[in-house]
1. Tell me the Kirkwood hydrodynamic radius of region 243-384 in angstroms, computed as one over the mean inverse distance between distinct C-alpha pairs.
2. Testing the spin-label approximation: label points 7 Å from Cα along Cα→Cβ at TRP359 and GLN147. State their distance in nm.
3. Rounded to whole Å, give me the distance from the Cα center of region 146-192 to that of region 121-142.
4. Considering only DSSP states other than H, G, I, E and B, which chymotrypsin sites (Phe, Trp or Tyr not before Pro) in region 37-69 qualify as loop sites with at most 16 other Cβ atoms within 10 Å?
5. Amide H of ASP106 versus every other amide H placed in the peptide plane: which residues, excluding those fewer than 5 positions away on the same chain, fall under 5 Å?
6. Name the long-range amide H neighbours of TYR158: under 5 Å, sequence gap of 5 or more, or other chain; modelled H, no Pro or chain starts.
7. Using a basic spin-label model with each label point 7 Å from the Cα along Cα→Cβ, how many nm lie between ASN99 and ARG129?
8. Would you kindly state how much longer the chain becomes between HIS156 and GLU24 on full extension, computed as 0.36 nm times their sequence separation minus their alpha carbon distance, in nm to one decimal?
Amino acid sequence: MTSPDPNALPKPSVSERDAAAGFEVLDHFERFSQKNDIYSRSFWDPSVRSDRTNLFFETYRTPLTTWKKVEGFRQKDYALRNASWHLPDIFAELKEDQNRREGFLDPFTVHRKGPVDQVPVESPEQMSREIKHVAKVFGADLVGITQYDQRWVYTHAYSRQGETEKPQELPQDLPHVIVIAQEMDRGLIETVPSALSGTATGIGYSYDTLVLLGLAQYIQNLGYRAVATMNDTALAIPYAIQAGLGEYGRHGLLITEEFGPRVRIGKIFTDLPLSHDRPKSFGVREFCETCRRCSNACPVNAIPDGPPSDVVHNRSNLVGVRKWTVNAEPCFKFWANQNSDCSICVRVCPYNREFESLWGRVWRWMAGGPLRHMALRLADRFAAGERVNPDSWWKKGAERV
Ligand code: SF4
Ligand code: SF4
């Protein structure tokens, strides 16, 4: 028996889609400008910008002249972290003279135009299967497809050169969004806080870049349009949830069934005819209502420990959505003070575990149902999320070779 064609089913309304995705978009919702994200603000907003934030970004480009004496922040830790960022850095800097930071503030340029002739599409459902297959061939860990939703597209892009807004360049006639997620290395995340752990982020972005560029070029070569975007252009998490890749966690991150919160997300906007996935729940929201591991572990109390709300801490928050909202200002200042990004909330999250093992799958099943309190107690009892000493990460890795 074949599964029904999702395109043949009645299309859900926006409110039905939101309810399935767990969004509560309120009447006073406002779209977001990338000028207000905390990274942009660290350049133009004096209440965020400081010598520490300048140095924080500098450490990714120019080697520090003095290294901390503590493990995880030594020269080789920064050496590896910065090397892992090399590929996305190259693309980000390729067109800086044209006021573009591709992958972070601007979509990737199409370097080779495709043909005018379009490959015929047998059915959107069949093409979606093919696209997911091709994405996996390029190395995508997770792929989902959803429809364009203007609410999540930034009103404006941000110009680093001008330190101001610039027009959003995404065309509005690309009705489909392919969402890609790349796993971040679990062993590296276990060493958080450390500069070493930032390597997981850099490698995630590197694979994201490779997959997005390859898949977008494939779609161009079929004769259709494709705009590949990473942190730029639109909020990634709402699209990922709509595309069925996961649920929203208390720490403000996507939690996937396969890798928990350890993912980096990219998206491709296209007019290639595609069918859409639907949001799916596996009990994260209910689990987060009982769990406080991330909010208890956050060193600057940036994660709420109450119920979802529409509270706005500052201009870096989305207005008019009831959800768990992280206070990005103290979070980013903590990053700047320690000279590297922080993922303590990712490390301690009980969903940060190995789901290929039978025990991992049993735990997820327990966490997603009435046994969630026991799942939480087991995570506490067996010290899931404990920090691994960065020097022992280096030592054990070398011994395995
Ligand atoms: S990244 Fe670190 S500082 Fe920021 S919310 Fe997570 S635990 Fe807190
Ligand atoms: S640590 Fe707990 S509360 Fe926080 S996101 Fe993970 S499961 Fe939810």
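1. 16.4
2. In this crude label model, TRP359 to GLN147 measures out at 4.5 nm.
3. Rounded to whole Å, the Cα centres lie 21 Å apart.
4. Those that pass, being in a loop and sparsely packed, are TRP67.
5. When sequence neighbours closer than 5 places are left aside, the close amide H contacts are ARG101.
6. Here the answer is LYS166, since their amide H atoms fall under 5 Å of that of TYR158.
7. 4.7
8. 45.2 nm
Every number here is computed from the coordinates shown, using simple stated rules; none is lab data. Given the structure is predicted, the values throughout are model-derived calculations rather than measurements. Cβ: placed from backbone, ideal geometry, glycine included. Neighbour counts: every protein chain shown.
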